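Single-structure report; data block below.
The values are calculated or read from the model by the stated rules, or taken from the named source; none is laboratory data. Please read all numbers here as calculations on a predicted model, not as lab measurements. No Cβ is skipped: glycine too gets one built from the backbone with ideal geometry, and neighbour counts run over all protein chains shown. These accessible areas exclude ligands, DNA and RNA; they are computed on the full protein's heavy atoms, side chains included. Shrake-Rupley method; radii C 1.70, N 1.55, O 1.52, S 1.80 Å.
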Amino acid sequence: MEAFSKIKYDNRQSGDASVNLGEKEVNTLDKNKTVSNTFEILKFFLSHLKKVDRIYPNVIISKKKKGVSFALGISTVKRRNHSYLKQTLTSLISRMTLSEQKDSVVIVSIADSNKEYSKSVVDMIRKTFKRQVKSGSLEVISIPAFFYPDMLHAMQSTEDLQKRKSWQMKQVLDFCFLMLYAQPKAMYYLQLEDDIIAKKMYFTKITDFVHSITSNNWFYIEFSVLGFIGKLFKSEDLTDFIQFFLMFHKDRPIDWLLEDIFKVKMCNPRETFEKCAERNKQIRIQYRPSLFQHVGIQSSLRETKQYLKDIYY
């Protein structure tokens with residue numbers, strides 16, 4: 001806790017780089033790439049990035065939309081023989097009203113170094129979602145290959161256990177990068193995945209539910225019980241989550257870290273487990289029924305299939 005507090009203090013002293021987004025145009029796959037100081041916080045946790053002059057997304061399709069209520073983040077990677085991204089985006093966007101699209105931004109983060117896949121994602125989005133791209137309600141970024149430690153690549157060529165460990169570590173880093181990009185854009189941040197289906201009127205239900213909560217003391221809201229899907233955060237709180245995730249990205253999957261940060265921040269060592277569990281219910285709010293269903297069978301972990309379903313959907 002002392003180390004965690006010191007990290008928060010040091011970041012405030014350095015100008016709170018994780019909150020302020022300074023931008024300029026550069027050329028890439030799409031000609032609207034954004035360079036930002038936002039990602040400098042990563043150097044504190046990932047030593048190999050200290051040699052990098054500036055950390056920024058490789059590709060960006062953006063109208064620099066800000067000041068909206070909700071940012072919806074989707075991290076995507078190439079799966080072996082199937083992509084669910086178009087189905088996911090169609091579900092999310094078609095089930096928003098026009099006014100809801102104006103008050104939100106969907107951000108697709110390509111967390112894959114495969115250039116053909118990156119280009120296919122950009123082409124698909126520009127072709128299928130022209131209006132949303134033109135209005136700024138849909139953005140695309142791509143994480144640069146230098147962002148990842150060399151050890152991740154080495155672990156991927158070893159036995160299955162190490163491959164899974166590498167996949168979990170990379171997933172934590174992918175989400176942190178996306179959260180940092182989304183944080184300055186909206187009041188709330190909703191974490192999704194690239195292989196889900198949203199319920200009809202999901203956005204209206206989320207908005208109404210958030211506005212119905214009288215206390216502002218909530219930690220996060222679950223709109224799905226599966227993994228890291230459908231977790232809603234206040235953007236002002238993201239800095240603490242990101243720092244915690246980065247600190248322990250080598251140790252545990254991100255949904256486990258979400259459990260851990262609650263225990264660290266909210267549970268008093270001297271209180272009973274029952275008291276902590278009761279507080280858990282009050283500030284980690286679960287919405288029922290779930291608004292998002294996992295549909296992907298081909299996992300983003302190579303040669304792996306999963307059949308997880310949200311039973312509360």
### Residue count for the stretch 202-234, restricted to those that are more than 15 Å from the chain's Cα centre (by Cα) and either over 17 Å from Leu291 (Cα atoms) or assigned to a helix (DSSP H, G or I) (or both)
18
### Query
Within the stretch 220-238, how many residues turn out to be touching a helix residue (DSSP H, G or I) at 6+ places or on another chain (Cβ under 7 Å) and open to solvent by 10 Å² or more (accessible area, probe 1.4 Å)?
1
### Query
Could you give every pair whose Cβ atoms fall below 6 Å, whose first residue belongs to the stretch 111-132 and is in contact (Cβ under 8 Å) with a residue 60 or more places away in the chain, and whose second residue is open to solvent by 70 Å² or more (accessible area, probe 1.4 Å) and among the hydroxyl-bearing types (Ser, Thr, Tyr), counting only separations of at least 6 or pairs across chains?
none
### Message
Tell me the residue from Lys165, Lys119, Lys78 that is out of contact with any Leu (no Cβ under 9 Å at 6 or more places or on another chain), part of a helix (DSSP H, G or I) and open to solvent by 10 Å² or more (accessible area, probe 1.4 Å), please.
### Response
Lys165
### Message
Of all residues being surrounded by fewer than 22 Cβ atoms within 10 Å (Cβ to Cβ) and among the β-branched types (Val, Ile, Thr) in the stretch 201-219, which is modelled with the lowest pLDDT? Just the residue, please.
### Response
Thr214
### Task
With the condition kept exactly as written, say whether any residue in the stretch 153-162 is acidic (Asp, Glu), open to solvent by 40 Å² or more (accessible area, probe 1.4 Å) and touching a residue at least 60 places away in the same chain (Cβ under 8 Å).
no
### Task
Give the residue that is modelled with the highest pLDDT, with candidates limited to residues of the stretch 82-116 that are open to solvent by 70 Å² or more (accessible area, probe 1.4 Å) and within 17 Å of Ile60 (Cβ to Cβ).
Lys115
### Index of the failed condition, Asp150 passing every other in (1) over 18 Å from the mean Cα position of the chain (by Cα); (2) in contact (Cβ under 8 Å) with a residue 12 or more places away in the chain; (3) more than 27 Å from His48 (Cβ to Cβ)
(3)
### Message
Being in a strand (DSSP E or B) and hydrophobic (A, V, I, L, M, F, W, C) is the filter here; which residues of the stretch 104-116 pass it?
### Response
Val105, Val106, Ile107, Val108, Ile110
### Output for the stretch 41-61, where each listed residue is surrounded by fewer than 21 Cβ atoms within 10 Å (Cβ to Cβ) and in a loop (DSSP other than H, G, I, E, B)
Leu46, Val52, Asp53, Arg54, Asn58
### Message
Considering only the stretch 187-200, I want to know if a residue exists there that is part of a helix (DSSP H, G or I), open to solvent by less than 10 Å² (accessible area, probe 1.4 Å) and at pLDDT 95 or above.
### Response
no
### Query
Can you tell which of Ile242, Ile254 is closer than 19 Å to Leu72 by Cβ, modelled with pLDDT of 90 or more and touching a Ser or Thr at 6+ places or on another chain (Cβ under 8 Å)?
Ile242
